[in-house]
Amino acid sequence: MGVNKQESGDRVEVTATQVPGARVSGEQVSETQVAEAKARAARLLLAFRHGNQIAYDALVAEFEADEQTADLISALCWIADEGVRKAYLPEAGDRVLRHMVRRADFGDRSVRTEDGAGPDAGELLEAVAAQNVAAVQDIVRRTPDTTFLLGKFVLAFAMLLPDIPAPVLREVIEELREA
């Protein structure tokens, strides 16, 4: 694998035995393998950034990592996400990561994010307000990863909180704690 440090112009050669998960023993890692590794990392980071737990868990499972290594992967994703978040506007960061994924020509390259993850939280709120249990169940069933839906629902609830009188909110919270 040739890692090109553009700032210095130095090129470092890494053998496959130095790359975790590399399948080739003792040979140099090809440019294709580098592109695939970058694409996997970008998909993993996209799933992490958007809270897509199902996609994230599936991508981590592809590494066949033990629990300690999976924890390290999560920590590295957190650090990388912080870097991307500070360097780019959210939509620009996603574009950069998606571009990295598209550059590698292998397998499934998609990661579902909020925009494509299922129904709008407004639809869920309307179903809950109408006390339509069947509609709520249907919305949850057809959502690929309910963490998106729950996150949007919590955001909608947080936006409504300032309009709820404090005594009413306390009453609701007490009722929920007793249930």
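The values are calculated or read from the model by the stated rules, or taken from the named source; none is laboratory data. No experiment lies behind these values; they were computed from the predicted model shown. Cβ placement follows ideal geometry from the backbone for every residue including glycine, while neighbour counts extend to all protein chains displayed. The accessibility values were calculated without ligands, DNA or RNA, using every heavy atom of the protein model including side chains. Shrake-Rupley method; radii C 1.70, N 1.55, O 1.52, S 1.80 Å.
Look through segment 52-66, keep the residues that are over 15 Å from L149 (Cα atoms) and in a loop (DSSP other than H, G, I, E, B), and return whichever of them is most open to solvent (accessible area, probe 1.4 Å).
The selected residue is E64.
Out of all the residues in segment 124-137, which are among the acidic types (D, E) and either open to solvent by less than 70 Å² (accessible area, probe 1.4 Å) or in contact (Cβ under 8 Å) with a residue 40 or more places away in the chain (or both)? Quick ask: steps written out before the conclusion?
Of the residues in segment 124-137, the ones among the acidic types (D, E) are 126.
The answer is none; no residue qualifies.
Which residue pairs have Cβ atoms closer than 8 Å, lie 6 or more positions apart in sequence or on different chains, and pair a first residue in segment 87-102 that is surrounded by 11 or more Cβ atoms within 10 Å (Cβ to Cβ) with a second residue that is hydroxyl-bearing (S, T, Y) and at pLDDT 80 or above?
Hits for this filter: V96/Y88.
So which residues in segment 149-176 are exposed (fewer than 11 other Cβ atoms within 10 Å of the Cβ) and more than 29 Å from D138 (Cβ to Cβ)?
Once the filter is applied, which keeps residues that are exposed (fewer than 11 other Cβ atoms within 10 Å of the Cβ) and more than 29 Å from D138 (Cβ to Cβ), segment 149-176 yields P162, P165, A166, P167, V168, E174.
Conditions tested, residue by residue: (1) under 28 Å from L45 (Cβ atoms); (2) modelled with pLDDT of 80 or more; (3) in contact with a helix residue (DSSP H, G or I) (Cβ under 7 Å, 6 or more places away or on another chain); (4) assigned to a loop (DSSP other than H, G, I, E, B).
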| site | (1), (2), (3), (4) |
| --- | --- |
| H99 | yes, no, no, no |
| R102 | yes, no, no, no |
| R112 | yes, no, yes, yes |
| P162 | no, yes, no, no |
